[in-house]
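This report concerns only the one structure given below.
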Amino acid sequence: MSLLAMGFLLGILQPCMGQFPRACANTENLLRKECCPPWDGDGSPCGQLSSRGSCQSILLSQAPLGPQFPFSGVDDREDWPSVFYNRTCQCRGNFMGFNCGECKFGFSGADCTQRRVRTRRNIFRLSIREKDKFLAYLNLAKSTPSRDYVIATGTYAQMGNGSNPMFRNINVYDLFVWMHYYASRDTLLGGSNVWRDIDFAHEAPGFLPWHRAFLLLWEREIQKITGDEDFTIPYWDWRDAKFCEVCTNEYMGGRHPTNPNLLSPASFFSSWQVICTRSEEYNSQQALCNATSEGPILRNPGNNDKSRTPRLPSSAEVEFCLSLSHYESGTMDKMANYSFRNTLEGFADPHTAISNISQSGLHNALHIYMNGSMSQVQGSANDPIFVLHHAFVDSIFERWLRRHRPLREIYPAANAPIGHNRENYMVPFIPLYRNGEFFIPSRDLGYDYQYLEEPELGSFQDLLMPYLEQARQIWGWLAGAAVIGGIIAALLTGLALACRKKRRETSAEIQPLLTESEDYNNMSYQSHL
């Protein structure tokens with residue numbers, strides 16, 4: 001599909017997902033604290049006339065939070081999205097979206113009744129045409145304004161509590177960069193004071209569900225601006241990689257010939273401008289990132305601090321992480337021990353699962369290894385490698401879900417850091433999604449991974465893998481034991497037949513002892529075992 005045709009499609013798109021719906025970013029809606037836009041299909045708020053949804057008051061979780069954030073009423077993200085809106089569309093059935101104009105993930109069709117599962121594939125298994133199409137889609141997203149969403153350039157207080165709206169347009173790719181920044185930014189306390197120990201997308205139970213929702217929203221937005229309903233995010237399997245395999249001009253951009261911190265001019269990613277990377281500047285000004293361009297993508301893979309991240313993660317480290325049976329533990333933050341989430345995120349040692357914030361493992365290791373825009377949390381999504389990386393991290397999360405089959409109730413309901421309890425709404429998504437809604441298998445959300453396909457077999461293998469590995473290691477002993485067992489069984493059978501024959505030859509007065517009969521039966525059972 002040509003870029004001209006893609007541009008034409010922009011004018012006929014249906015609403016998408018993201019941050020502040022354009023229809024609600026005005027004085028009237030902010031003062032009423034209501035975001036219930038009409039659905040184009042019938043013109044009624046939330047598509048109510050077509051029974052798609054209705055405008056309802058938001059029900060916030062009252063579960064207690066952890067002690068990490070000792071403030072209340074100082075951050076617009078607290079009890080999201082109630083500072084801005086306390087009434088939004090609540091959609092029925094399989095409908096979804098800020099105006100109920102979408103289908104839930106995994107459903108399609110006019111009435112959202114058709115189930116569909118798409119497959120995310122290894123980027124190195126894409127054909128040249130498929131790979132080039134993916135790169136073109138990324139570039140299109142970077143140059144296409146978001147039709148339905150805007151970003152906030154000031155806090156609610158700076159907006160005069162809604163009387164002076166502060167929003168601006170943004171392109172589709174940078175919309176998601178800004179959302180990642182907004183979820184992880186520091187709390188502005190006034191003056192030059194900030195609170196840094198806060199993050200609605202990292203360092204706590206919501207890390208994996210939040211990024212799962214983030215990728216699904218990003219994926220759907222690309223599907224919309226391109227008209228390609230089959231599009232899925234590819235992943236980069238970085239296990240045991242000796243270098244950044246995607247850092248070439250054929251893929252995500254090679255190294256600049258004279259400046260190792262920049263991308264090669266032969267890659268169109270070299271012309272991309274980053275946003276939301278100057279957190280200290282925003283903090284000192286008590287301001288939000290306003291999506292102003294801040295320079296080119298920086299990347300110098302492998303020239304990172306080796307004392308923190310000596311290499312890219314290994315297969316063995318991933319397997320150890322998958323063996324951990326507890327999703328979360330202890331304080332449920334970056335100090336948690338024996339936590340699958342904390343180990344996969346990279347704050348716990350991938351060999352012991354003991355928290356060690358002086359090292360960066362698994363997910364964090366890849367970010368540090370890239371040694372550039374990817375290495376700073378708030379602006380890391382500027383580098384397009386971000387989506388490849390997080391797609392693979394999500395696949396590891398999926399493997400854990402299939403192996404351990406946790407109930408949704410395993411996800412912490414209370415005492416997690418702010419924004420991370422099971423029933424908390426994820427910041428900054430509108431429409432609203434709770435953390436627990438994405439603590440489910442990927443196929444229930446309409447996607448799978450190429451190397452995890454045939455889910456029944458994959459799940460069964462994941463379940464049995466530890467036992468199969470132990471059996472492989474002792475296979476020689478098992479085979480020897482089977483041979484010896486067969487010989488013993490044959491000898492016992494012969495002995496039993498001989499005894500039976502002898503008994504027939506003896507007089508009727510001689511009876512076998514009951515204990516002898518019991519011993520024989522027990523021995524036969526043990527031999528078969």
Task: Largest to smallest principal axis extent of the C-alpha atoms in region 120-449, angstrom - done: 48, 48, 42
Open item on the list: Within 10 Å of each candidate Cβ there may be at most 13 other Cβ atoms; applying that plus a DSSP loop requirement, which trypsin sites (Lys or Arg not before Pro) in region 166-239 survive?
Closed with: ARG196
TODO: Evaluate E = 1/(1 + (r/R0)^6) for ALA287 and ASP349, where r is the Cβ-Cβ distance and R0 equals 51 Å; express this FRET efficiency to the nearest 0.05.
DONE: 0.85
- [ ] Evaluate 2.2 N^0.38 Å with N set to the residue count of region 68-200, then give the Cα radius of gyration divided by it.
- [x] 1.37
TODO: Anything over 26 Å Cα to Cα? Flag those among LYS131/LYS306; LYS142/LYS334; LYS306/LYS334, in the order listed.
DONE: LYS131/LYS306; LYS142/LYS334
Task: Kirkwood-based Rg to Rh ratio, region 44-114, C-alpha trace - done: 1.12
TODO: Would you kindly calculate the translational diffusion coefficient of region 254-383, applying Stokes-Einstein with the Kirkwood radius from alpha carbon pairs, for 25 °C and a viscosity of 0.890 mPa s, and quote it in µm² s⁻¹ without decimals?
DONE: 151
Open item on the list: Quick check for you: with a 1.4 Å probe and neighbouring chains kept, what is the accessible area per residue of region 119-167, in Å²?
Closed with: 43
Open item on the list: Strictly greater than 15 Å: what percent of every Cα pair in region 35-81 meets that?
Closed with: 61
Task: Karplus 3J(HN,Hα) series, Hz, for region 361-377 with 6.51 cos²θ - 1.76 cosθ + 1.60 (x for Gly, Pro) - done: x, 6, 3, 5, 4, 5, 4, 5, 4, 5, 6, x, 4, 5, 8, 10, 3
- [ ] For region 365-414, just list the percent of Cα-Cα distances falling in each 10 Å bin from zero outward, please.
- [x] 22, 36, 27, 15
Open item on the list: For region 250-322, which GluC sites (Glu not before Pro) pass both filters: DSSP loop (anything but H, G, I, E, B) and at most 16 other C-beta atoms within 10 Å?
Closed with: GLU250, GLU294
Open item on the list: Suppose each label sits 7 Å from its Cα in the direction of the beta carbon; what would the SER325-ASN249 distance come out to in nanometres?
Closed with: 5.4
Task: Portion, in percent, of the accessible area of region 120-449 that falls on carbon or sulfur, probe 1.4 Å - done: 50
- [ ] Would you please calculate the Kirkwood hydrodynamic radius of region 315-381 over all C-alpha pairs and express it in Å, rounded to one decimal?
- [x] 11.9
Task: Dmax and Rg, reported as Rg then Dmax, of region 128-269 (C-alpha, Å) - done: 18.5, 55
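What relative contact order, as a whole-number percentage, does region 120-449 give when Cα pairs under 8 Å and 6 or more residues apart are counted? Let's see the in-between values first.
Numbers: 597 pairs, mean separation 63.9, N = 330.
With pairs under 8 Å counted, the relative contact order is 19 percent.
The values are calculated or read from the model by the stated rules, or taken from the named source; none is laboratory data. All values reported here derive from a predicted model rather than from experimental measurement. With ideal geometry, Cβ positions are generated from the backbone for all residues, glycine too; neighbour counts draw on all protein chains shown. For accessibility, only protein heavy atoms count, side chains too; no ligands or nucleic acids. Shrake-Rupley method; radii C 1.70, N 1.55, O 1.52, S 1.80 Å.
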